[in-house]
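The values are calculated or read from the model by the stated rules, or taken from the named source; none is laboratory data. Source: prediction; values computed, not measured. Note that we place each Cβ from the backbone using ideal geometry, even for glycine, and neighbour counts take in every protein chain shown. Only protein heavy atoms, including side chains, enter the accessible area calculation; ligands, DNA and RNA are left aside. Shrake-Rupley method; radii C 1.70, N 1.55, O 1.52, S 1.80 Å.
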Amino acid sequence: MEKPIYFKNSEDAKLFNELRKKVNQRVEAIPENRDIYIQIKAVILPLVYFGLYVFALLHADQSGVYILSFILMGLSLVLQIFDFVGANSYIWKKRHIASHHAYPNVDGWDTDIEQSGLLLIVPWIKAKGIQKYQHRFFFLVYPLYLFNWMFIRDFRDFFDNERVILKTQGAIPVKEKIKMVAYKLFYFFYQIAVPVLFFKVSLGLALGAWFLQVIAASIFALFVLLPLHPLPDNAFPKLDEKNELPYSWLHHQFEVTNDLKENNWFVRNILGNFNFHVAHHLFPNYSYAYYNEITEEIEQFAKEHGLAYKRFPMTTALGKHVDLLKQNANNAYFILEE
């Protein structure tokens, strides 16, 4: 199947070149090399994760301490390398770059909005069956996000020919499939088998702590992911009969993405400036350490040229996501169309 084609607009191409020039000049004027902080973080975070793991094992006789350590590991693992925490880094990179970044919010091409059957994210697809009640039970499904990733999504992405990722990725090397299975086995070995076999942790405690760890990680991860694209304020562009999108690449990024107003030390340094998501899509070649200044340039440029820049408080954005689920469950799009 041919890949989607963005609407060609020479004026928008000039606009982006102008914006890129402003951003490049702004970043080049920053004297310090902020990437060093990212490199330090890349060392510290795994140490925190495995430090908590060792601490839990050394206090295996104290169930409360053991469980709390595993929950904190769950919060930490969202920021970690994927293979050691049960997910697959190879396929994630392909999903994120070749699918999500290439075609954000485009049904059938953006893996981040690939339909699961339980929840309907795309407004112009009619809700069916249980999806008509999704606004009433979504809070039970979302905490299972990483369980789905570990046990279902990775395997389907690797072996199911109907998955969106294969449209952009093509054939997956056999060695990556072997690595995926091997890392998952290693993950469950150190998470559950090691505490039970070598540190006299009961199977019930080991499974319970691991379960709570993944629940905590799922909720934390979705607080980062949900407020940035799947909102009723953002577009879900449709492909026409020629497989073309209605917006140019530049306009598309503004139409389907929003920023968050939160901007503090924790967001900047621990969460990697995820609040500046428009910058992440427009200038992925720059590290997040420069997104604050880049976003200032983007916001000013958007005001000058009438681009659809959006920024919401996180709580507002999460509320809007719930509104999207409710609207889709009630088929609001189809009512408006009629």
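What to note about this one:
- All of (1) in contact with a helix residue (DSSP H, G or I) (Cβ under 6 Å, 6 or more places away or on another chain); (2) among the aromatic types (Phe, Trp, Tyr); (3) farther than 30 Å from residue 126 by Cα hold for residue 220 with one exception: (3).
- Among all positions in segment 167-182, there is at least one residue which is of a type in the set (A, V, I, L, M), open to solvent by 50 Å² or more (accessible area, probe 1.4 Å) and not in a helix (DSSP H, G or I).
- Exclusive hit being open to solvent by 70 Å² or more (accessible area, probe 1.4 Å) and in a helix (DSSP H, G or I), set 326, 320: 326
- Among residues of segment 1-17, those that are in contact (Cβ under 8 Å) with a residue 60 or more places away in the chain and among the charged types (D, E, K, R), counted: 4
- Per the conditions (1) open to solvent by less than 70 Å² (accessible area, probe 1.4 Å); (2) at pLDDT 95 or above; (3) not aliphatic (A, V, I, L, M), the sole criterion not satisfied by residue 334 is (2).
- Members of segment 109-138 found to be open to solvent by 10 Å² or more (accessible area, probe 1.4 Å), over 20 Å from residue 331 (Cβ atoms) and either in a loop (DSSP other than H, G, I, E, B) or modelled with pLDDT of 95 or more (or both), listed by number: 114
- Of all residues in segment 244-254, those satisfying the criterion of being surrounded by 18 or more Cβ atoms within 10 Å (Cβ to Cβ) and in contact (Cβ under 8 Å) with a residue 60 or more places away in the chain are 245, 247, 248, 250, 251, 252, 253.
- Answer residue from segment 289-317, given it is in a loop (DSSP other than H, G, I, E, B) and in contact with a strand residue (DSSP E or B) (Cβ under 9 Å, 6 or more places away or on another chain) and is surrounded by the most Cβ atoms within 10 Å (Cβ to Cβ) among those: 309
One line per residue, one yes/no per condition, for (1) farther than 26 Å from residue 226 by Cα; (2) under 21 Å from the mean Cα position of the chain (by Cα):
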| residue | (1), (2) |
| --- | --- |
| 13 | yes, no |
| 32 | yes, no |
| 70 | no, no |
| 80 | no, yes |
| 85 | no, yes |
| 90 | no, yes |
| 93 | no, yes |
| 100 | no, yes |
| 105 | no, yes |
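- Every residue from segment 187-243 that is β-branched (Val, Ile, Thr), within 30 Å of residue 326 (Cβ to Cβ) and open to solvent by less than 60 Å² (accessible area, probe 1.4 Å): 214, 215, 224
- Answer from 167, 175 - the residue that is modelled with pLDDT under 90, out of contact with any Ser or Thr (no Cβ under 6 Å at 6 or more places or on another chain) and not small (Gly, Ala, Ser): 167
- Residue among 302, 317, 235, 329 that alone is more than 18 Å from the chain's Cα centre (by Cα) and under 30 Å from residue 135 (Cβ atoms): 329
- Residue 262, sole failed condition from (1) open to solvent by 20 Å² or more (accessible area, probe 1.4 Å); (2) within 18 Å of residue 15 (Cα to Cα); (3) in a loop (DSSP other than H, G, I, E, B): (2)
- Residue count, segment 265-285 (criterion: part of a loop (DSSP other than H, G, I, E, B) and either farther than 14 Å from residue 37 by Cα or free of Cβ contacts under 8 Å to residues at least 60 places away in the same chain (or both)): 7
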